[in-house]
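Single-structure report; data block below.
The values are calculated or read from the model by the stated rules, or taken from the named source; none is laboratory data. Since this is a predicted model, take the numbers as computed values, not measurements. Because the Cβ atoms are built from the backbone with ideal geometry, glycine has one as well, and the counts that use them run over all protein chains shown. Heads up: the accessible areas ignore ligands, DNA and RNA and are worked out on the full protein's heavy atoms, side chains in. Shrake-Rupley method; radii C 1.70, N 1.55, O 1.52, S 1.80 Å.
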Amino acid sequence: MPRREDLKSVMVIGSGPIVIGQACEFDYSGTQACRVLKAEGLRVILVNSNPATIMTDPEFADATYVEPITPEVVERIIAKERPDALLPTLGGQTALNTAMALHYNGALERYNVELIGADVEAIERGENRERFKEIVAKIGAESARSAICHTLDEVFAAVDDLGYPVVVRPSFTMGGAGSGFAYNAEELATIAGAGLQASPTTEVLLEESILGWKEYELELMRDRNDNVVVVCSIENIDPMGVHTGDSITVAPSLTLTDREFQKMRDVGIEVIREVGVDTGGCNIQFAINPQDGRMIVIEMNPRVSRSSALASKATGFPIAKIAARLAIGYTLDEIPNDITKETPASFEPTLDYIVVKVPRFAFEKFPQADDRLTTHMKSVGEAMAMGRNFTEALQKALRSIEKKEAIFSWPAEKSDVNISELLTEMAIPRDGRLNQVQVALWAGASLESVFEATKIDPWFLAQIQLINQIADEVRAANELDLPLLRKAKRHGFADTQIAQLRNVDAAAIRALRHELGLRPVYKTVDTCAAEFAAKTPYHYSAYDTETEVVARNKPAVVILGSGPNRIGQGIEFDYSCVHASMTLRQAGYETIMINCNPETVSTDYDTSDRLYFEPLTLEDVLEVIHAEQAAGEVLGVICQLGGQTPLGLAQDLKDAGIPILGTTPEAIHAAEDRGAFGDVLEAANLPAPKFGMATSFDEAKAIAAEIGYPVLVRPSYVLGGRGMEIVYSEDALAGYLEKATEINPGRPVLVDRFLDDAQEIDVDALFDGTEMYLGGVMEHIEEAGIHSGDSACSLPPATLGRSEIERIRQSTEAIARGVGVRGLLNVQFALSADVLYVLEANPRASRTVPFVSKATAVPLAKAAARIALGESIADLRAAGVLPKTGDGANLPAGSPIAVKEAVLPFGRFQGVDTVLGPEMKSTGEVMGIDDNFAAAFAKAQLGASSNALPKSGVVFVSMADRDKRSMIFPVKRLADLGFEIHATSGTAEVLLRHGVQAKVVRKASEGVGPNGEPTIVDEILDRKVDLIINTPHGVDSRDDGYKIRTAAVLRGIPSITTAPGLGAVVQGIEAAIAGNMSVHSLQEYAERINAARAAGE
Amino acid sequence: MHKPAVMVFEDGRVFHGVEFGAVGTTFGEAVFSTGMSGYQETLTDPSYHRQVVIMTAPHIGNTGMNSVDGESEKIWVSGFVVREPSLVVSNWRAETSLDEELKAAGVVGIAEVDTRAITRHLRETGAMRVGIFSGEAATASESELLQQVLASPKMQGADLTADVTTPVSYVVPAVGEKRYQIAAVDLGIKDMTPEMMAQRGIEVHVVPANISAEELLEIGVDGVFFSNGPGDPGTANHARDLAQAVLTAKRPFFGICFGNQILGRALGFGTYKLKYGHRGINQPVQDRKTGKVEVTAHNHGFAVDAPLTGESQTDFGRVVVSHVCLNDDVVEGLECLDVPAFSVQYHPEAAAGPHDSAYLFDRFVELMDGAR
Ligand SMILES: Nc1ncnc2c1ncn2[C@@H]1O[C@H](COP(=O)(O)OP(=O)(O)O)[C@@H](O)[C@H]1O
Ligand SMILES: Nc1ncnc2c1ncn2[C@@H]1O[C@H](COP(=O)(O)OP(=O)(O)O)[C@@H](O)[C@H]1O
Ligand SMILES: [Mg+2]
Ligand SMILES: [Mg+2]
């Protein structure tokens, strides 16, 4: 059946901000969908509040709405665009839930929009755990025994029969939000309480625990002719109990006989049929009892999921692309296999390699968080690697994750290892459990004992034993000969690991390896194990005999990606890399992408001319370049777009004789090295906060005394604001140095003067050596002291004056010149007492590049890539890549105003304080864009959390003394708007003096009153409060604030923790009440800006 | 364990690896199988007689061997090529390990070779003879080894039925009530086939390939089945004659794999050798009647040469191609319109492989019902 002719326009909903459990895999799937639908000649209308996504690039849709993904807003867009159909299965749970809401509130019917790709009943059947279990039973398969509960009473009734431990799982949530194991009654009460809260249908499922069973996933696709294929099987190395998103997983499944696998496949197919997903992809999870093979169906996701992205990258079968085609009427046999071109998509990929995925966690940023891995997903990113055997893939994946500790290493003496301690620790899954397993096995723990402790399949444990055994051989050998070295490399050992074992440096091992002519070959991901020729150069390295890299005739540019998502380095950097690839391909170069993040667009096999799915380590990158140099001319490597990861490789690559395109390693050093950068600033006489390096407490004390408290202290050897703290006194300084960090001559501590009440400003600019293009000036909402990545900001700057912007322009240009930037530069300023301090400069694409590009309708990353290859800003202006005149800091009148807001993961880490600081904690961001600041800010808030702006109800206020002044007007305004104000005594007093009646509420520390007056924490837990305004007080009552904020997170009540934030939120609430928020597409805004610019010329 | 072994192809290409399974020398037709699961079924499938099987999946042997999943009494492959033999056996049903079984069966293998390079080589140059040499044998010079390979028999023109067929008839009783009795001509039959029939109330009499037509029709009261098997269908003249007798008697006829080629020949079509064959469990086959696509298990190096579209006139009336492989348009099934006969080139009994095509056994039952 060919494509439906009745569809002319389709709306695609994205997944919104990057949050734990819903990351850029949905940008990958959504981008694929948009590409396909456009190619099919359909009008594509896209809604996604996340500006960092590729999909929201104007060229991927006909109308791109960067607006909050709420039923109300999406309905407005529907009313305006009148699409024929809505495709909801590619934007994760967010899109699915929004589509369901639009169905139930009648909007889809009103505007007769057809849901394609999944129908409401099917979604219900798949997502509602109760109905799903009925289906599983109907087809004669098994689910875990369970009971659906809507109240805590029902919960306790049910557990009597199921027994402890019991699993609590809410319906209609993603990433296991609100779920967990309860081992006793108290735990059950808390988890089930939160679960009922998390579920949009206040419904939780209590379930018999099957901890320790083998866990599997199948990715299936079905078309309207009822053709079904299983695209990929994934086996979780971490057994049942650890969320698949947090598990180390392998594809294909490795420990099932054909009979067991086919049984699983049969059940999977019957499930997808019975649920009625009639076109598209779905993901089904299974558990298998290792003792007797008993199989249990865990759940299904009737949509493209995180695992489908993984499966697509693992197999080369583009699930989202094909799902989009199926949705508009094609059948699997009508769709050609992209990779072989000749064969159809109606087959099942077969792998002749092994794929391993390793999650990346961020617990170091949330010290108070519970770091045990459970049914509730906690990882913030992942890396994938491929090899020709499991050991090779596993070790590559472990070094792809870019955490030193994750790479297998070997203590000096086996006797140093406390095996029994390790066995006890590994029984509780945490980040790094596999390393405990490896060391324990190495030290002599029996395979059985490790299996008992972890329930990790013995097959995998034996593979780790093999790695250990090779490590011993490498260490023991008196000479590292070719056979031994080859063996080690064949099993994934990095030069650095071998070096560690031999007590030499990695360079020596590399030299020896090259001398012996031992280099990896590059195999191809082709979906068919070489049965047919592959037309797409999608490669991975392996120590094998035959390479498949073919000769090139065009000059090539290597682009280094940003590796696994982590807090501080996420999708924004992938955006820049993809843009570089797109523009350089147009400019006639061949682009070669190296990256290891399966969630991204950059690792889609048709984003670049060639894709190498490889770890971003010096060794792996050098080998790829060597292989490509053998295939044709390689101009050099672009290191400035993938964030800190490639930036850190630049010098070593240059030392190895590889040309670095754009900003040179020397220039990078000039910006990154505190001392060198200090000289740059001095030369340009630009002020920076006074600072000093301390190698002992006394030095630190002296420096602090000299520059004056408060000071900002941080270890000098970490990035991303790690371990940064603001200390207000000498005691606090002592405290910090004790707990937070070690201090010694080897590990000095940076002590900066902390600029109080300073206005922070972020700038992204392009520099070509002579001319600067100021991409945009962002004014932060929160004051300096809150990490740029966590604070909201506006572009154009909401309050900065012409002269200030002029100073920023001059300072930025001076820095660009002084540092010697060729391409992108990001500078952070702090404006304090009319002095413009420079906080730092990053000689690379920054987190805000996509935001700036979209807010000003200028593709900064593309321009940067072209500059790196020698074009000048003048050329780019002439070529129309940059505007003919003007820049992002003097946008023409009538341009829209855009606000970026950060999205924080506190909901995932209960008990963690939500107070923001100099250490970045956000996982993602949203953009609100409109004609005025208030409306744009309101949209940003709504995009970040749908209940961020209550229109009425109770506001609780408790301000630190230093903030009391700035609260008066906004709080007064809230009262005028009809909000009921509650406050703690001190705050209430001040308000009263200004004629604001506030009901005094007891602090938690005051306890329940004589006549049972509840404390504020009780009120919050009882949901009596709609908005919380609470800025951190001095140490004494910090604990009160902490209790308030964590209770707010537990109940999902918006809480504002900064004074400037308050002012903005009140404006936002006014805008929301006024309801005068327009919906315009980026294309419309771009037209407006360009028209205005043209008029100005 | 890690003693050297070498693999020499008839075109002179050489791959070095290590000993695996039995030590010694073996020859056969080199073929690759892309199934990621089911090595035990593959090893014990008589269709692989005289073939050296290269597994494209890197890790083989993980789930060991058990006494249930085998498709016949013994391992039939003449050689086995894998990249990574399993270090341990991990499966609740496992009884022995792959390596033990290969040694016990005296099957010479080789491991740690670049199986993907070998597969690409076969894809580009076509199936060919190969020799595996380990232990003493591996010490000879490559040119010497090549001579040995060139001296070994070819698959083209090989009549292997006699090697694989059962010497005496045996009966697989119907599960539950017996509703039909058929004769299954054993050209190298897999155990799963009679089992699938038995589950449908069929009592299956598996008979030797050299059976006479009279006897065959006598036993095959309700129908006759022609099984899969090794060798060149062009040589299987007796089987062809038997098939023609069944068609003349208008006795319900069902054939699988080799049986499909036999039906093809009985109808007067030719057969030919594919460049490198279909061996795997992920092949898309379209049922021309319903337009539906089945993911199917394949193991064939030869195919029937019949017109893909329209009806062909034969001595037994009109015939259509009922199934085609969507990868390369190879004939995957035949259906007679004027006599009760049909066959498929692939494996509805799966083992190893997906169960999408099990419905074909029901078609056979319907055919027998219709004939009553
Ligand atoms: N009954 C159970 N016993 C033990 N672990 C379970 C059980 N059910 C689910 N899990 C674990 O919890 C994880 C999340 O459960 P799942 O149903 O997949 O929720 P989500 O929708 O968040 O993916 C699973 O990956 C599995 O490891
Ligand atoms: N001297 C200072 N005074 C006030 N705030 C500062 C100062 N230095 C840094 N900050 C705050 O800390 C945040 C992180 O510091 P920064 O140097 O940008 O580290 P990172 O490398 O993590 O971006 C900044 O965004 C800013 O809000
Ligand atoms: Mg799940
Ligand atoms: Mg910064």
* region A:44-117: Rg to Rh, with Rh as the Kirkwood radius over Cα pairs -> 0.93
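Is region B:279-372 best put as rounded, prolate or oblate by its Cα gyration tensor, with a ≥ b ≥ c the root eigenvalues, rounded for a/c under 1.5, and otherwise prolate when a/b is larger than b/c, oblate when not?
Because a/c hits 1.5 or more and a/b fails to exceed b/c, region B:279-372 counts as oblate.
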* Structure fact -> Note to self: C-alpha centroids of region B:328-352 and region A:404-440 sit apart, in Å, by 56
* To do: Output the Cα-based Rg and Dmax of region A:615-766 in Å, rounding Rg to one decimal and Dmax to a whole number.
  => 19.4, 62
* Asked: Around A:Arg430, which amide H atoms from residues at least 5 apart in sequence, or from another chain, sit under 5 Å from its own amide H, with H modelled in the peptide plane?
  -> A:Leu373
* Counting other Cβ atoms within 10 Å of each Cβ, which GluC sites (Glu not before Pro) in region A:350-439 have at most 13 and sit in a DSSP loop? -> A:Glu413
* Structure fact -> Classified through the alpha carbon gyration tensor (a ≥ b ≥ c as square roots of its eigenvalues; rounded if a/c is under 1.5, else prolate when a/b is larger than b/c, else oblate), region A:1-125 comes out rounded
* Check A:Leu839: other-chain or 5+ apart residues with amide H under 5 Å from its amide H, H built from backbone geometry? -> A:Gln828, A:Phe829, A:Ala830
* Extension reserve of the A:Ala879-A:Lys535 stretch, reckoned as 0.36 nm per residue once the Cα distance is removed -> 120.6 nm
* Structure fact -> region A:69-219: relative contact order from alpha carbon pairs under 8 Å, six or more residues apart, as a whole percent, is 20
* Quotient of C-alpha Rg and 2.2 N^0.38 Å, computed over region A:738-794 -> 1.62
* Structure fact -> The FRET efficiency for A:Glu405 and A:Ile428, from their Cβ-Cβ distance with R0 = 22 Å and rounded to 0.05, is 0.80
* Asked: How large is log10 I(q)/I(0) at q = 0.16, 0.21, 0.26 Å⁻¹ when the Debye formula is applied to the Cα atoms of region A:866-954, each weighted equally and without solvent?
  -> -0.86, -1.03, -1.20
* Among rounded, prolate and oblate, which fits region A:958-1097 when a ≥ b ≥ c are the square roots of the eigenvalues of its C-alpha gyration tensor, a/c under 1.5 means rounded, and a/b larger than b/c means prolate? -> prolate
* To do: Between B:Asp305 and A:Arg502, take the C-beta separation as r, use R0 = 45 Å, and let me know the FRET efficiency to the nearest 0.05.
  => 0.15
* Full extension from B:Leu150 to B:Glu73: what is 0.36 nm times the residue separation minus their Cα-Cα distance, to one decimal in nm? -> 24.7 nm
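Can you tell me what percent of all Cα-Cα pairs in region A:352-397 are more than 15 Å apart?
52
Eigenvalues of the Cα gyration tensor times 5, then square-rooted: what semi-axes does that give for region B:1-63, in whole angstrom, largest first?
Gyration-tensor ellipsoid for region B:1-63: 20, 16, 12 Å.
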* Structure fact -> Counting only residues 5 or more apart in sequence or on a different chain, those whose built amide H sits under 5 Å from that of B:Leu274 are B:Phe302, B:Ala303
* Structure fact -> Karplus-derived 3J(HN,Hα) from phi for region B:268-277 (6.51 cos²θ - 1.76 cosθ + 1.60, θ = phi - 60°), whole Hz, x at Gly and Pro, runs x, 7, x, 10, 9, 8, 6, 4, 9, x
* Could you give the distance between the Cα centres of region B:36-92 and region A:956-974, to the whole Å? -> 74
* Asked: In percent, what relative contact order does chain A have, based on Cα pairs under 8 Å that are 6 or more apart in sequence?
  -> 10
* With θ set to phi - 60° and the Karplus curve 6.51 cos²θ - 1.76 cosθ + 1.60, what are the ³J(HN,Hα) couplings of region A:549-563 in order, to the nearest whole Hz, using x for Gly and Pro? -> 6, 9, 5, 10, 10, 7, x, 10, 10, 8, 10, 8, x, 10, x
* **Spatial separation of Cα centroids for region A:4-81 and region A:285-346, in angstrom** => 21
* Asked: Which residue, B:Arg120, B:Arg240, B:Arg251, tops the fluctuation ranking in a GNM of chain B built on C-alpha contacts under 10 Å?
  -> B:Arg120
* Asked: With the dipole of region A:231-389 worked out from charges on the C-beta (+1 for Lys and Arg, -1 for Asp and Glu) around the Cα centre, which of A:Thr244, A:Ile296, A:Leu254 lies farthest toward the positive end?
  -> A:Thr244
* Would you rank B:Ser90, A:Ser803, B:Ser212 by solvent-accessible area, highest first, keeping every protein chain in place and using a 1.4 Å probe? => A:Ser803, B:Ser212, B:Ser90
* To do: Take the eigenvalues of the Cα gyration tensor for chain B, scale each by 5, and report the square roots as semi-axes in whole Å, largest first.
  => 36, 22, 18
* Structure fact -> Residues from region B:91-112 losing no less than 50 square angstrom of accessible surface in the full protein assembly compared with the chain alone, 1.4 angstrom probe, ligands and nucleic acids excluded, are B:Trp92
* Could you check the simple spin-label distance between A:Met693 and A:Asn932, using points 7 Å along Cα→Cβ, in nm with one decimal? => 5.1
* Pull up the cross-link candidates among the aspartates and glutamates for A:Lys414, meaning alpha carbon to alpha carbon under 15 Å and not fewer than 8 places away within one chain. => A:Asp472, A:Glu473
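Using the Cα atoms as the points, what is the convex hull volume per residue of region B:220-288 in Å³?
Cα-based convex hull of region B:220-288, divided per residue, equals 124 Å³.
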* Kirkwood Rh and Cα Rg combined as Rg over Rh, evaluated for region A:267-354 -> 1.00
* To do: Apply the Karplus parameterisation 6.51 cos²θ - 1.76 cosθ + 1.60, with θ equal to phi minus 60°, to every residue of region A:670-685 and state each ³J(HN,Hα) to the nearest whole Hz, in sequence, with x for glycine and proline.
  => 4, 8, 8, 7, 3, x, 4, 5, x, 4, 4, 5, 4, 3, 8, 4
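Any chance you could list the semi-axes, whole Å, largest first, of the equivalent ellipsoid that the Cα gyration tensor gives for region A:489-640, using √(5λ)?
Whole-Å semi-axes of the equivalent ellipsoid: 25, 20, 16.
Excluding ligands, DNA and RNA, what is the accessible area buried between chains B and A, summed over both sides, using a 1.4 Å probe, to the nearest 100 Å²?
4700
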* Asked: Ordering A:Asp679, A:Asp333 by how much accessible area each has at a 1.4 Å probe, largest first, what is the list?
  -> A:Asp679, A:Asp333
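Of the beta bridges DSSP finds with both residues in the protein assembly as shown, what % are antiparallel, to the nearest 5?
Percent antiparallel among DSSP bridges in the protein assembly as shown is about 65.
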* Asked: With Rg and the Kirkwood Rh both taken from Cα atoms, where does Rg over Rh land for the protein assembly as shown?
  -> 0.99
* Structure fact -> Per-residue ellipticity at 222 nm attributable to helices in chain A (runs of n ≥ 4 DSSP H, -39500 (n - 2.57) apiece, nearest 500 deg cm²/dmol) works out to -11500 deg cm²/dmol
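For region B:234-372, calculate the relative contact order in percent as a whole number, restricting contacts to Cα pairs under 8 Å that are 6 or more residues apart. Walk me through the numbers before you get to the answer.
Working: 298 pairs, mean separation 37.2, N = 139.
Here the relative contact order equals 27 percent.
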* Give me the Kirkwood hydrodynamic radius of region B:117-234, using the inverse of the mean 1/r over all pairs of distinct Cα atoms, in Å to one decimal. => 17.2
* To do: Provide the FRET efficiency to the nearest 0.05 for the B:Gln313-A:Asp6 pair, computing r from the beta carbons and using R0 = 45 Å.
  => 0.55
* When only DSSP loop residues count, what GluC sites (Glu not before Pro) in region A:678-771 have their Cβ near at most 10 other Cβ atoms within 10 Å? -> A:Glu742
* Structure fact -> Of every Cα-Cα pair in region A:261-410, the percentage lying beyond 18 Å is 70
* **Projected label distance in nm at A:Arg273 and A:Ile968, using a 7 Å step from Cα toward the beta-carbon** => 7.4
* Too-long pairs where the Cα-Cα distance tops 19 Å, listed order kept, from A:Lys313/A:Lys523; A:Lys939/A:Lys999; A:Lys854/A:Lys900; A:Lys396/A:Lys455; A:Lys214/A:Lys357 -> A:Lys939/A:Lys999; A:Lys396/A:Lys455
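How much area per residue is accessible in the protein assembly as shown when the probe is 1.4 Å and only protein heavy atoms are counted (Å²)?
Values: 47160 Å² over 1469 residues.
On a per-residue basis, the protein assembly as shown sits at 32 Å².
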